[in-house]
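Undergrad: Starting off with a structure, shown below.
Just so it is clear, none of the values below were taken in a lab; they were calculated from the coordinates. Quick caveat, the model's predicted, so the values are computed rather than measured. Don't worry about glycine lacking a Cβ; one is built from the backbone with ideal geometry, like all the others, and counts go over all protein chains shown.
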Amino acid sequence: MDLSPLPVGSFVGAFLLAFPALFSIVNPVGAALIFNEIMEGRSRADRHRMAGKIGIYSTIVLLVSLWLGGYVLNFFGVSLAALRIAGGLVVAIRAWGLLMQPSAHEERKASAAAPAQYSGDEVAFFPLTMPFTTGPGTIAVAIALSSQRPASGIGTLSFFAGMSLAAIIISLMIWLCYRWSDSVMALLGNSGARVLSRLVAFLLLCVGVQIIVTGVLGVAEILFAHGPR
């Protein structure tokens, strides 16, 4: 029983599910504005080098979370249906917070990245990649997305291929937005970034609700299969 409008067992369906969700939670455009403030006073070469390192580290964090997160939870006895419901709730709650209070989210990110303001390149992973760019919220969303994988079959490979492409494109966007953060700042400004944040947060909320629905349908299917005959 699967009423999902996205054929997640296909490469395209998995990509269309993962890309808007990851874009919404990472928000590379909005994060670039904070990155621009943190890197103030550094040379353009330093900014470009730091952006490249963060892009690489973000790729690793996203791919590991997408590929292994769901299986790790399954190892501890969490069923796929339960993982989908819990993951969907995490995504939806996170999206609701982004939608209602985008400024609070920006302040938390700025606070997390503050120790990097006067440090060297060693801060590229911590705190600029984690928790600033791909923090616990992003990892939770990635694990929730991985719970949407088909139970078995060749669709699983297509699913993870589509998810991986979405993660790689998000990482490329992080690199580009951070590399040209001064141009992003000039183009959008704080108000424009907040408008964009709310639009993508609504998309993330829809993805979270869809994941919950898929999990509930999975539980219903199990109950009907093991019910009285």
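Undergrad: Extension gain Met100-Phe126, at 0.36 nm per residue separation less the Cα-Cα distance, in nm? Spell out each step's value before the answer.
TA: Details: separation 26, 0.36 × 26 = 9.36 nm, distance 2.79 nm.
Extra length from Met100 to Phe126 when fully extended: 6.6 nm.
Undergrad: If one puts a single equal scatterer on every Cα of the range 118-229 and applies the Debye formula without solvent, what log₁₀ I(q)/I(0) results at q = 0.10, 0.18 Å⁻¹?
TA: Each listed q corresponds, in turn, to -0.47, -1.16.
Undergrad: Could you give me the radius of gyration and the Dmax of the range 11-226, taking only the C-alpha atoms into account and expressing both in angstrom?
TA: 17.7, 64
Undergrad: In the chain, once you exclude exposed chymotrypsin sites (Phe, Trp or Tyr not before Pro) (DSSP loop, at most 10 other Cβ within 10 angstrom), what's the longest stretch remaining?
TA: Values: sites that count: Phe76, Tyr118.
Excluding the exposed sites themselves, the longest stretch runs over 119-229.
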